[in-house]
Amino acid sequence: MKITFRQKSFLRNLLDLYQEARKPLHYTEVARIMGLGKSSAYDMLRLLERKGLVISEYVLPKESPSPGRSHVRFWPTAMAEEIFSQSVDEAAEEREEWEQIRAQVLDRLRHGNASVRNGVLHEVMNMIQKARSPLAICAEALTALLLSLDEMKQSLGPQSPLARHLGTPATKMGMSLAAGLVAGMVQMDTASMRVIDQLYEYVRKYEIALEELDPEKLEDLREYAQDVVKALHRV
């Protein structure tokens, strides 16, 4: 089942709370412990319920038997527990895919000449369609953008705006700005609508996948982008 990083993090915390409390939880209690707004916690619980990961029921407080004062309580399903029991194997598969892509691209860029870069771009275009993990999709889309920028003979030296930007700690906003900066630099140097449409497609894939990355993977992506920029600058 496909769930976002934010949803998975919330669900992990809900499982911990439920195992500790050993009873269904009211959404206000979930909100208080997780440090969220009540409406945000309630909306997330209902969203996870629609995905089959949470169950709800209405109960009457013992001290208030009136039907008008029933409270809704939530607890995670067995499917939610299965997600985390499978996460170790999935994480290993994603890491293997990521290392393979990273090694393949950087090796070609570091040991090839300008003509080799055209082959790398073609390979990246094919890999984008086959990638599974959000980190791999981000890396491949960003690589395609950087190679497109390199084709326009834009400077990628240490003092370039992009290189300086990638020298700062990784955040989602920062990595989003990095892709936008590259796309903007390419667009300034080309009037081809085909190329521009292609750039927007790269950025769209990148932005969707970027939302799934946790801080550790964001840092992996930033370091990878730095390595690609350095490799392109040396060739």
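Just so you know, all these numbers are worked out from the coordinates, no wet-lab data involved. None of these values were measured; they are calculated from a predicted model. With ideal geometry, Cβ positions are generated from the backbone for all residues, glycine too; neighbour counts draw on all protein chains shown.
Remark: spin-label model distance TYR58-ASP16 equals 3.3 nm, labels positioned 7 Å along the Cα→Cβ axis. Excluding same-chain neighbours fewer than eight residues apart, the aspartates and glutamates reachable from LYS230 by a Cα-Cα span under 13 Å are ASP107, ASP150. For a modelled paramagnetic label at SER9, 7 Å from Cα along Cα-to-Cβ, the residues of the stretch 204-231 in reach, with backbone nitrogen under 11 Å, are 212-216.
Among the listed pairs LYS8/LYS217; LYS2/LYS217; LYS8/LYS205; LYS172/LYS205; LYS2/LYS205; LYS8/LYS172, which have their C-alpha atoms separated by more than 23 angstrom in this model?
Result: no pair exceeds 23 Å.
Hey, what does the equivalent ellipsoid look like for the stretch 5-85, semi-axes from the Cα gyration tensor as sqrt of 5 times each eigenvalue, largest first, whole Å?
Sorted largest first and rounded, they come to 22, 13, 12 Å.
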